[in-house]
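Structure first, commentary second.
None of the figures in this text is laboratory data; all of them are computed from the coordinates on show. Keep in mind that what you see is a predicted model, and the values were worked out from it rather than measured. For neighbour counting, all protein chains shown are included, and Cβ atoms are generated from backbone atoms with ideal geometry for every residue, glycine included.
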Amino acid sequence: MKELKHLNKYFKKYRLKLFLGIIITVVARLFQLVLPTYVNKSISAVQSFLNGEIVKNEAKELLLEFIFIIIGAALLSAFFTFLMRQTIINISRYIEYDLKNEIFDHYQKLSLNFYKKNRTGDLMNRISEDVNEVRMYAGPAIMYGIQTLTLFACLIPLMFIKAPTLAAYTLLPLPILSVLIYQISKVIHRRSTIVQQYLSTLSTFTQEVFSGVSVIKAYALEPQTNDELVTLAIDGKEKSVNLAKVNAWFFPLMILLIGISNILVIYIGGKQYLAGEISVGLIAEFILYVNMLTWPVAIVGWLTSIVQRAAASQERINEFLNVAPELKNTPTYNHKVKGKIEFKNVGFTYEDTEITALSNLSFTIEEGETTAILGKTGSGKSTILDLVARLYDTTSGEILIDNEPIKHFDLTNLRESIGAVPQDAFLFSDSIKNNIKFGKEDATDEEIINIAKEAVVHENIIGFSKKYDTVLGERGITLSGGQKQRVSIARALIKKPKIYLFDDCLSAVDTETEEEILNNLKKASKNRTTLIVSHRVSSAKNADKILVLEDGRLIQEGTHEELNSMPGYYKELYHKQLSEKEN
Ligand SMILES: Nc1ncnc2c1ncn2[C@@H]1O[C@H](COP(=O)(O)OP(=O)(O)OP(=O)(O)O)[C@@H](O)[C@H]1O
């Protein structure tokens, strides 16, 4: 249970509300205790009337008074029960909110490696399902726990004071009930975990099927996909039926044991009444006690299983919360980024695949310079850009920005100074306008339009009926690959950062549009350091400098004229692409 200690800071935060909640819970239960005592008194009043000890009017008055007290107590108990839920259940909702924020904040600090090691479904499950299990502990478990304790603490001594023998017999089946319910809860827990896991598999499967629906259709894989789903569904049905079977035992068992307790009260109480030891009213009072105690006793088993489940969920949450962010943000250099970039003997190996993407790489890009990076696929071009944005730290060597080690910069400051356009342009399921504004929250409509023009996507956008308000992605239209790339370029341009990182972002654009965009980029990137990764010489030839990579090493460096005048990869590529264009 030590995992749940993590929640103590939240209980501390809401301690006043919690204390109030506990007091209210106790008060609500105390009012509940009025009913059995006054039912006893009412029956005794009727009995006194039947025995001729009091007259009809006296009996009536007494009954009326008792009924008012019972109704009053019930109303007060209901009112305090409402307040109890308003405090304790609300606290659990606050804790749920705080915990979700804590996890989400932490997720955001974790490196890309973390996201590669863990599946998105799992990350989402821990922040939703697991937090929900923990909430059950922080709210309902505490509320019912206090309720049960209060009832036990008040009722059991009261019963023993009023009729010790009857109390002992009446309470006898209750521990058995508690143990049985605990055992059933354990099985329910085990089987519901299996059902949860199954649901997780089912949603991963369906999510993949829907995301890859075009591939499934293109390969006519619908029958196989259906078969797989049917197999999964049959499996799920069996698991759910197993759970339902054990669930079905819960209430019959409770009713059986309540029944036994009631029979004991009537039998033992009846014998004691005949012996003149107790009154009929007391038997009625005890029957009410038994019924009041049954639910709390049953709940002991249920509470144990809630606490166990919460501990298991908190353990899963803590597992991620304890992952220290790989990238340490300990800024010592607080100047704004100007844009000079220097790689000094940089080596980089991806942790998960152990692929060495860069080896002993050194180059310098002056502030405001445009550099193109070329090389075969897998030669390490994108890795360079990721290292400049400090998405990873180098394995060996050092990267300097403005002659300062990159690690000395505040991560937010560094990344705010960068406008990156990744290889796979990712756009959110939002309007085109908001997707562009993502680069600058307070951009005006005019700015957005101008930038879209620079990225040569304005004409496409105004062709849509809702223009800049056109919603993209799952909820809206799908842009073509080239349109996506250009919206993504607009998003980077509007930021007007000190460093641009363009990762093969014109690959899906025709050569004429490419030329137009490159011309615009030239203007936009004036006095801004620009790195352009590309497979096309046309994107590279106007750069101040061209770097050619092979297997993570720098094999050529120079201007277009320099590289074109010497034999090598660049010259070959240039002539090959030139003749392709001419043909
Ligand atoms: N996130 C990653 N995790 C593990 N290995 C990776 C990752 N990204 C790239 N690699 C590996 O590192 C090497 C360099 O990849 P990188 O993406 O930098 O090459 P690239 O030159 O940009 O390729 P392309 O032109 O195809 O985009 C490749 O062998 C690749 O398999």
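Would you be so kind as to identify which of V131, A45, F68 lies farthest towards the positive end of the dipole of the stretch 19-143, taking Lys and Arg as +1 and Asp and Glu as -1 on Cβ and the Cα centre as origin?
V131
Beta carbons within 10 angstrom, averaged per residue: use that to sort the peptides 349-357, 484-492, 533-541, highest first.
Answer by packing, highest mean first, reads 484-492, 533-541, 349-357.
Among A324, N413, L391, flag the residue with its Cα farthest along the positive direction of the charge dipole of the chain, charges on Cβ as +1 for Lys/Arg and -1 for Asp/Glu.
Positive-end residue among those listed: A324.
List the aspartates and glutamates whose alpha-carbon lies under 19 Å from that of K571, not counting same-chain residues fewer than 8 positions away?
Reachable aspartates and glutamates: D544, E550, D551, E557, E561, E562, E580, E582.
Listed highest first by mean packing, meaning other Cβ atoms within 10 Å per residue, what order do 451-464, 551-564 come in?
Values: 451-464: 19.2, 551-564: 16.4.
Sorting 451-464, 551-564 by mean packing, highest first, produces 451-464, 551-564.
Mind ranking 372-380, 270-278 by how tightly packed they are, going by the mean number of other C-beta atoms within 10 angstrom, highest first? Don't jump to the answer; show the numbers that get you there.
Numbers: 372-380: 20.2, 270-278: 13.2.
Output ranking for 372-380, 270-278: 372-380, 270-278.
Once you put a point 7 Å from the Cα of F11 and another 7 Å from the Cα of S211, both along the Cβ direction, what distance in nm separates them?
3.9 nm
How large is the convex hull of the Cα atoms of the chain per residue, expressed in Å³ as a whole number?
223 Å³
On average, how much area does the Cα convex hull of the stretch 2-321 cover when viewed from any direction, in nm²?
Working: hull surface 87.7 nm².
In nm², the orientation-averaged hull projection of the stretch 2-321 is 21.9.
Within the stretch 178-271, which chymotrypsin sites (Phe, Trp or Tyr not before Pro) sit in a loop by DSSP and count at most 14 neighbouring Cβ atoms inside 10 Å?
When the chymotrypsin sites (Phe, Trp or Tyr not before Pro) of the stretch 178-271 are filtered for loop state and at most 14 Cβ neighbours within 10 Å, Y219 remain.
Calculate the FRET efficiency for D551 and E516 from the Cβ-Cβ distance with a Förster distance of 45 Å, rounded to the nearest 0.05.
0.85
Using modelled backbone amide H atoms (1.01 Å from N, in-plane), which distant-in-sequence or interchain residues come within less than 5 Å of I555's amide H?
Counting only residues 5 or more places away or on other chains, the set is V548, L549, E550.
Express the relative contact order of the chain as a whole percentage, based on alpha carbon pairs under 8 Å and six or more residues apart in sequence.
14 percent
Report the label-to-label distance for L76 and E416 in nanometres (one decimal), using points 7 Å from each Cα along the Cα→Cβ vector.
So the two model labels end up 5.9 nm from each other.
Run down the lysines and flag those whose C-alpha is under 17 Å from the C-alpha of K498, throwing out any fewer than 8 positions away in its chain.
By straight Cα distance, K498 reaches K336, K338, K340, K440, K522, K523, K526.
Please say if the stretch 426-495 is rounded, prolate or oblate, where rounded means a/c under 1.5 for a ≥ b ≥ c the square roots of the C-alpha gyration tensor eigenvalues, and otherwise the choice is prolate for a/b larger than b/c and oblate otherwise?
rounded
Run the numbers for S480 and E572: contour at 0.36 nm per residue of separation, minus the present Cα-Cα distance, in nm.
Full extension of this stretch gives 30.0 nm more.
Checking the a/c ratio against 1.5 first, then a/b against b/c, what shape does the Cα gyration tensor give for the stretch 189-334?
oblate
Just subtract the alpha-carbon distance of Y97 and N460 from 0.36 nm times their residue separation and send over the number in nm, one decimal.
Values: separation 363, 0.36 × 363 = 130.68 nm, distance 4.18 nm.
Full extension from Y97 to N460 adds 126.5 nm.
One-quarter of the Cα convex hull surface for the stretch 139-269, in nm²?
10.7 nm²
Span-like helices, the chain: DSSP H, alpha-carbon axial extent 27 Å or more, mean Kyte-Doolittle 0.0 or greater, which ones?
Sorted by number, the helices that extend far enough and score high enough are 56-84, 142-162, 173-211, 222-274, 280-321.
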